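Below is one structure; the comments refer to it alone.
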Amino acid sequence: MLARRDHSELELRQKLAQKQCPPEDIDTAIEHCHYHGWLDDKRFAEATLRHGVAKGHGWQRICFDAKRKGITTPMLETAQENQQHDWYELAKELATRRFADLDGVLPEVDLKQRAKWTRYLQSRGFSFDQINYALSKES
């Protein structure tokens with residue numbers, strides 16, 4: 001299972017349980033994988049963060065997805081300290097890529113369209129401050 005991609009400990013436990021492995025065998029397998037360095041939640045947290053940023057997700061969305069995989073917010077915060085992402089600029093890049101005209105400028109829109117763009121960026125995990133920055137004409 002670990003040959004294709006990294007998994008968190010929780011994911012690996014769930015996959016082994018689905019294959020009806022006895023709990024003591026799962027614990028032994030997890031211990032063995034930790035010992036050999038094949039299973040590392042810190043490394044998985046860093047990969048999850050990189051993958052989320054590459055997909056255009058904000059911090060909130062990445063945290064939500066990581067929690068479902070068994071990665072805690074403090075682990076992600078440690079990974080964030082190592083990678084240093086500017087969430088405001090990531091939101092701006094996504095808004096420009098998604099909504100800007102050919103010149104890379106966001107067009108003037110009415111409140112209904114702006115609300116639609118805001119919901120889109122919010123669903124991607126960006127905060128309201130980041131969204132306001134991304135949709136502003138300045139910068």
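The values are calculated or read from the model by the stated rules, or taken from the named source; none is laboratory data. The structure displayed is predicted, hence computed values, not measured ones. When we count neighbours, we look across all protein chains shown, and the Cβ atoms used for this are built from the backbone with ideal geometry, even at glycine. The area values use the complete protein model at the heavy-atom level, side chains included, leaving out ligands, DNA and RNA. Shrake-Rupley method; radii C 1.70, N 1.55, O 1.52, S 1.80 Å.
Rounded to the nearest 20 debye, what is the charge dipole size of the chain about its Cα centre when +1 sits on each Lys and Arg Cβ and -1 on each Asp and Glu Cβ?
660 debye
Could you state the accessible area per residue of the chain in Å², with a 1.4 Å probe and every protein chain left in place?
Heavy-atom accessible area per residue stands at 65 Å².
Roughly how far apart, in whole Å, are the Cα centres of the stretch 45-81 and the stretch 2-40?
About 21 Å separates the Cα centre of the stretch 45-81 from the one of the stretch 2-40.
Which of His34, Val105, Ala17 sits farthest toward the positive end of the charge dipole of the chain, with +1 on the Cβ of Lys and Arg and -1 on the Cβ of Asp and Glu?
Result: Val105.
Give me the extension gain from Asp101 to Lys15: residue separation times 0.36 nm, minus the current Cα-Cα distance, reported in nm with one decimal.
Answer, rounded to one decimal: 26.4 nm.
Which order do the peptides 37-43, 122-128 take when ranked by the mean count of other beta-carbon atoms within 10 Å per residue, highest first?
The packing order, highest mean first, is 122-128, 37-43.
Would you list, by chain and number, the lysines whose Cα falls below 23 Å from the Cα of Lys92, excluding same-chain residues fewer than 8 positions away?
Lys92 reaches Lys55, Lys112, Lys116, Lys137.
Of [x] 13, 49, 34, 4, 0; [y] 10, 31, 34, 20, 4, 0; [z] 11, 34, 24, 17, 10, 4, 0, which is the value of P(r) over Cα pairs in 10 Å bins from 0, in percent derived from the coordinates here?
[z]
Most mobile of Glu24, Glu89, Glu46 per a Gaussian network model of the chain (Cα springs, under 10 Å)?
Among Glu24, Glu89, Glu46, the largest mean-square fluctuation in the Gaussian network model of the chain belongs to Glu24.
Using heavy-atom solvent-accessible surface (probe 1.4 Å) with all chains present, what is the largest-first order of Lys112, Lys67?
My answer, sorted largest first, is Lys112, Lys67.
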